[in-house]
Amino acid sequence: MTLQQPLEPVVDVADAGTLGPPNPHIRRSRADRWAAGLMLGIPAAFVIGLVWIPTVFTVVLSFARWDGIGGVSSIEWVGAQNYVDAFQAYPPFQEALRNNVLWLVFLFVFPTVLGVLLAVLLDKGLRGSRIYQSIFYIPVVLSMALVGFIWQLIYSPDGGVLNTALGTDIDWLGDPDINIWAVMVAASWRHAGYIMLLYLAGLKAIDPSVREAALMDGAGPVRTFFQVVFPLMKPTNLLIVVITVIEALRAFDLVWVINKGRNGLELISALVTANVVGEAGRVGFGSALATMMLAISLVMIAAYLWIVMRSKD
């Protein structure tokens, strides 16, 4: 009596790739390794060369006094004196700091809330929502410099759209008592569309059954949003906070186009440019201002990453 050999399982070639992880010992061709190296190496080289190396040099030069003209031997190391001077001996910095805080509060209270409201309304599937999304998002694709030129035409004291509509002759951008408010409105025109798009993407990712369950439990639309949807949007909410803070810090193009960040439009980013590439030629001092902006941004980004990573544990 002969024993029958067990039949080997038949494996479908199409399903062979789903039976387990790929063999890590498979040798790849030289062309594949070169392609992978180029796709990873070229972007990494650009990031290191254009972002990280200049950032490190900026931080290092923030502890020096240098006009940017002489060689390395002309650099005078002054420790933290640039930071002390920024707070104690440079009045424009105090004004710029106040304007940046005002800019941040304004972005949070008005365009950020408006962007969230627009996203919630568009998420309801209103008729023509695609058209509305395009209209609100158009300013986002425009550069801030172009936004500045557009709003200069609106605010122009001589035949500007706003003065013509109101029948006034107010110098919206030249009056230091009101120009910061006028510029923040122009910045809000762009920021609201950006927040709308981010929040709308987050709302689309929420399972519709969650909202349906809340409505079946008797919760109205407002209560459903604040007690169910809003907590689920925590990652998006944190991202919006970080983006708004960074936008308030790096606000530059708009005020520079108008009057180079002077006469009531002082911002930290404009002071950095004025000191580094302006007639003052104070590269070390400008680097100290830039480093302070970098530190605030990194704190916000680190807090965002920490909260997100902690929520996934």
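Pairs of Lys residues in the chain are counted when their Cα atoms are under 21 angstrom apart and they lie 8 or more places apart or on different chains; the count is 5.
Mean separation of Cα pairs under 8 Å and 6 or more residues apart, divided by the residue count, gives segment 63-183 a relative contact order of 10 percent. Per residue, the convex hull spanned by the Cα atoms of segment 117-237 amounts to 153 cubic angstrom. Extent along the principal axes, Cα only, for segment 258-313: 52, 25, 11 Å, with the longest axis given first. Let a ≥ b ≥ c be the square roots of the eigenvalues of the Cα gyration tensor of segment 76-186; is it rounded (a/c under 1.5), or, if not, prolate (a/b larger than b/c) or oblate? Here segment 76-186 falls in the oblate category. Remark: L142, L265, L197 ranked as L142, L197, L265, counting other beta-carbon atoms within 10 Å and listing the fewest first. Amide H contacts for A64 (H built 1.01 Å from N in the peptide plane; partners 5 or more residues away or on another chain; cut-off under 5 Å): V78.
Sequence-distant contacts, meaning Cα pairs under 8 Å at least 6 residues apart, place the relative contact order of the chain at 26 percent.
Under the membrane-span-like helix rule (DSSP H runs whose alpha carbons stretch at least 30 Å along the helix axis, mean Kyte-Doolittle hydropathy -0.5 or higher), the chain yields 179-204, 283-312. Across the alpha-carbon set of the chain, the Rg to Rh ratio works out to 1.13, Rh being the Kirkwood radius.
Each of the trypsin sites (Lys or Arg not before Pro) that DSSP puts in a loop and that has at most 12 other Cβ atoms within 10 Å breaks the chain; the longest unbroken stretch is 128-313. Here the convex hull built on the C-alpha positions of segment 202-282 has a volume of 128 cubic angstrom per residue.
Working note: 222 nm ellipticity from helices only, DSSP H runs with n ≥ 4, each -39,500 (n - 2.57), summed and divided by the residues of the chain, gives -20000 deg cm²/dmol to the nearest 500.
Here, each number is a calculation from the coordinates, and none is a lab measurement. Here the structure is a predicted model, which means the values were calculated and not measured. As a convention, Cβ positions derive from the backbone with ideal geometry for all residues, glycine included, and neighbour counts pool all protein chains shown.
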